[in-house]
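Below: one structure, written as structure tokens.
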Amino acid sequence: MKPVKRPAVVLLSGGLDSATVLAIARGQQFTTLALSVNYGQRHRAELDAAQRVATALGAHEHRIMSVDLAGIGGSALTDERLAVPESPSSGIPITYVPARNTLLLALALGWAEAAGAVDIFVGVNAIDYSGYPDCRPQFIAAFESLAQLATKAGAEGTRYKIHAPLIHLSKAEIIRTGSELGVDYAMTVSCYQASAEGLACGRCDSCRLRALGFAEAGIPDPTRYA
């Protein structure tokens, strides 16, 4: 008799990191519930990419939920009046979306509680990233504690686990891990200002980190550039 697989909610943006995390969760024998969020991002091609990735990696279910972070503003990823930086800068860049990971994890937590899942996977990374405060280990630990307090299941003794398997990996290590797990990175979209067809600009922070990661991993870069 085969063991029953446990369900896990996996945040899936359609980018390189989240695709790797979905493959990791699948490799750990979870029944994967993939969650993508239409939050008003200007690079909506990633949602199409998320659908491709969810299908290719055998997600048990893929949902796209909506929340209006464009209504909050304050980020070049949700406000087309703000230019996406195309050269390195100091401090937290304007591509930071206020409270994004807090809100996305809250949606994932809600679905997890409703589905009877105690495991949530997220692709945050604290090494090759742009300095976003909601990508740090401290944030993940704090949200895991919040999950116990904020839910009926937590109040009744359920222990939630927020998995962030990439948090201490370099971009090259992430790419090698995903490649070993069979991720086709040509399906993914990482660019902060990708075209409607998913073509990458090759100049933003995300494009630079992605290209450097493939170079350091010694793996051909399958990214489609404009």
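Only one entry in Ala54, Ala59, Ala114 is modelled with pLDDT of 95 or more, part of a loop (DSSP other than H, G, I, E, B) and either of a type outside the set (Ser, Thr, Tyr) or surrounded by fewer than 17 Cβ atoms within 10 Å (Cβ to Cβ) (or both), namely Ala59.
One line per residue, one yes/no per condition, for (1) in contact (Cβ under 8 Å) with a residue 24 or more places away in the chain; (2) over 30 Å from Gly182 (Cβ atoms):
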{"site": "Gly58", "(1), (2)": "yes, no"}
{"site": "Leu69", "(1), (2)": "yes, yes"}
{"site": "Gly74", "(1), (2)": "yes, yes"}
{"site": "Leu82", "(1), (2)": "no, yes"}
{"site": "Gly91", "(1), (2)": "yes, yes"}
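Beta carbons closer than 6 Å, at least 6 apart along the sequence or on distinct chains, pair a first residue in the range 152-180 that is in a loop (DSSP other than H, G, I, E, B) and surrounded by fewer than 17 Cβ atoms within 10 Å (Cβ to Cβ) with a second that is of a type in the set (Val, Ile, Thr) and modelled with pLDDT of 95 or more for Thr158/Val118. Within the range 1-25, residues that are small (Gly, Ala, Ser) and modelled with pLDDT under 95 reach no partner that is surrounded by fewer than 24 Cβ atoms within 10 Å (Cβ to Cβ) and part of a strand (DSSP E or B) with beta carbons closer than 6 Å at six or more positions or on different chains.
Looking only at the range 5-24, decide whether some residue is of a type in the set (Ser, Thr, Tyr), in contact with a strand residue (DSSP E or B) (Cβ under 8 Å, 6 or more places away or on another chain) and assigned to a strand (DSSP E or B). Within the range 5-24, none of the residues are of a type in the set (Ser, Thr, Tyr), in contact with a strand residue (DSSP E or B) (Cβ under 8 Å, 6 or more places away or on another chain) and assigned to a strand (DSSP E or B).
Is it the case that Ser206 is hydroxyl-bearing (Ser, Thr, Tyr), assigned to a helix (DSSP H, G or I) and either buried (at least 17 other Cβ atoms within 10 Å of the Cβ) or over 19 Å from the mean Cα position of the chain (by Cα) (or both)? So that I can check it myself, show each step before the final result.
Working: hydroxyl-bearing (Ser, Thr, Tyr): yes; assigned to a helix (DSSP H, G or I): yes; either buried (at least 17 other Cβ atoms within 10 Å of the Cβ) or over 19 Å from the mean Cα position of the chain (by Cα) (or both): yes.
Judged against the criteria, Ser206 is a match.
Ala186 meets each of the listed conditions (1) under 23 Å from Thr78 (Cα atoms); (2) surrounded by fewer than 15 Cβ atoms within 10 Å (Cβ to Cβ) apart from (1).
The values are calculated or read from the model by the stated rules, or taken from the named source; none is laboratory data. Only a predicted model underlies this, so the values are computations on that prediction, with no experimental measurement involved. With ideal geometry, Cβ positions are generated from the backbone for all residues, glycine too; neighbour counts draw on all protein chains shown.
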